[in-house]
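The structure under discussion appears below in the form of structure tokens.
The values are calculated or read from the model by the stated rules, or taken from the named source; none is laboratory data. For clarity, every value in this text was computed on a predicted model and none was experimentally measured. Methodologically, a virtual Cβ is constructed for each residue, glycine included, from the backbone with ideal geometry; neighbour enumeration extends over all protein chains shown.
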Amino acid sequence: MSDGLMLNNPAAELRIPRRCQPGRAMRPLTEEEVEKYLEAFDLREKLIARLAIFEGMRPGEILALRWKSVAGAMIRIEERVYKRMLNTPKNGKTREGAISDGTLKLLDEWFPLALDPGGEGFIFPSEKIVTPLSLDNLWRRSMSPKLEPLGLSWATFQVLRKTNASLSKKAGVDPKVASDQRGHGIGVSLEVYTTSDLEQKRAAIKKLEAAVFRKLQPEAQAAASRP
């Protein structure tokens, strides 16, 4: 609906069972936690995590990347892998995204280790080489065990996407640019993925307080000077 492709929301007709368990609260990582998260991994997993946190990519999009997808500081997202099947991106749209300097550096380090460095080769292949890495295997075997000792195994790829949205907002990134990079509508970006932390809320109310009293001060001075 936020992309203007539908006139109504069929999900509004869904009925939640009375005994349905509430969803688990999901918060984004803090800046300090992002650093700890990345430091937990070897090169491959660190690169995958960076693509989620800084480039805002979905896990299926990351694992479907081929070497031809990368051109300088640009990455072209035209495939995703879902339930081991290659398909178009979630919204059906190919998009171009930017790549951060830190991610580019890791890509340069990873390329000499590529099992298939050709254009059609997957950046993150499975043991078969001709298929992409399995998300379930990646998380269960290579990521969660490294995060468990740090108390960060709760930070799944959904959390990393929320982290990208929330920290982008906190850094002052234009909401439209950030949502275009992630590949979804701005309404979804603001309503679903973006949250404000206490520091931002504190700054907001201090800004409001200062604005109110800046306005009241001249009025009070003017009133005091009247005869």
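Per-residue answers, yes or no, for (1) over 18 Å from Gln158 (Cα atoms); (2) of a type in the set (D, E, K, R); (3) crowded, with 19+ Cβ neighbours inside 10 Å; (4) at pLDDT below 90:
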{"site": "Gly4", "(1), (2), (3), (4)": "yes, no, no, yes"}
{"site": "Asn9", "(1), (2), (3), (4)": "yes, no, no, yes"}
{"site": "Ile16", "(1), (2), (3), (4)": "yes, no, no, yes"}
{"site": "Arg24", "(1), (2), (3), (4)": "no, yes, no, yes"}
{"site": "Glu32", "(1), (2), (3), (4)": "yes, yes, no, no"}
{"site": "Phe54", "(1), (2), (3), (4)": "no, no, yes, no"}
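Of everything in region 80-96 that's under 18 Å from the mean Cα position of the chain (by Cα) and of a type outside the set (Lys, Arg), which residue is surrounded by the most Cβ atoms within 10 Å (Cβ to Cβ)? Explain how you work it out, then say what you get.
To start, the set of residues in region 80-96 that are under 18 Å from the mean Cα position of the chain (by Cα) comprises 80-82, 89-91, 93-96.
Now narrow it down to the ones that are of a type outside the set (Lys, Arg): 81-82, 89, 91, 94, 96.
Details: Val81: 22, Tyr82: 17, Pro89: 19, Asn91: 13, Thr94: 12, Glu96: 13.
Applying the filter and picking the extreme gives Val81.
Across region 151-181, what is the number of residues that are of a type in the set (Asp, Glu) and touching a residue at least 24 places away in the same chain (Cβ under 8 Å)?
Of the residues in that region, 1 qualify.
So which residues in region 128-146 are farther than 19 Å from Arg58 by Cβ and either within 14 Å of the chain's Cα centre (by Cα) or among the hydrophobic types (A, V, I, L, M, F, W, C) (or both), if there are any at all?
Answer for region 128-146, where residues must be farther than 19 Å from Arg58 by Cβ and either within 14 Å of the chain's Cα centre (by Cα) or among the hydrophobic types (A, V, I, L, M, F, W, C) (or both): Ile129, Val130.
If you check Ile99, Ile123, Ile77, which single one turns out to be surrounded by 14 or more Cβ atoms within 10 Å (Cβ to Cβ), under 21 Å from Asp3 (Cα atoms) and either modelled with pLDDT of 90 or more or hydroxyl-bearing (Ser, Thr, Tyr) (or both)?
Result of the check over Ile99, Ile123, Ile77: Ile77.
Across region 34-71, what is the number of residues that are over 15 Å from the mean Cα position of the chain (by Cα) and either of a type in the set (Ser, Thr, Tyr) or part of a strand (DSSP E or B) (or both)?
4
Run down Ala49, Ala12, Ala64, Ala73 and say which single residue is in contact with a Pro (Cβ under 8 Å, 6 or more places away or on another chain) and among the aliphatic types (A, V, I, L, M).
Values: Ala49 fails: in contact with a Pro (Cβ under 8 Å, 6 or more places away or on another chain); Ala12 fails: in contact with a Pro (Cβ under 8 Å, 6 or more places away or on another chain); Ala73 fails: in contact with a Pro (Cβ under 8 Å, 6 or more places away or on another chain).
None of the others qualify; the one that does is Ala64.
So Leu133 ticks every box in (1) at pLDDT below 90; (2) buried (at least 17 other Cβ atoms within 10 Å of the Cβ) but one. Which box is left unticked?
(1)
I'm told Ser142 meets every condition in (1) in contact with a helix residue (DSSP H, G or I) (Cβ under 6 Å, 6 or more places away or on another chain); (2) surrounded by fewer than 15 Cβ atoms within 10 Å (Cβ to Cβ) except one. Can you identify the failing condition by its number?
Result: Ser142 passes all but (2).
Return yes or no: is Ile123 at positive phi and over 18 Å from the mean Cα position of the chain (by Cα)?
No; evaluated as a whole, the condition is false for this residue.
Let's see how each residue does on (1) modelled with pLDDT of 95 or more; (2) closer than 26 Å to Ala171 by Cα:
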| site | (1), (2) |
| --- | --- |
| Lys46 | yes, yes |
| Pro59 | yes, yes |
| Ala64 | yes, no |
| Lys68 | yes, no |
| Ala73 | no, yes |
| Arg84 | no, no |
| Pro89 | no, no |
| Lys93 | no, no |
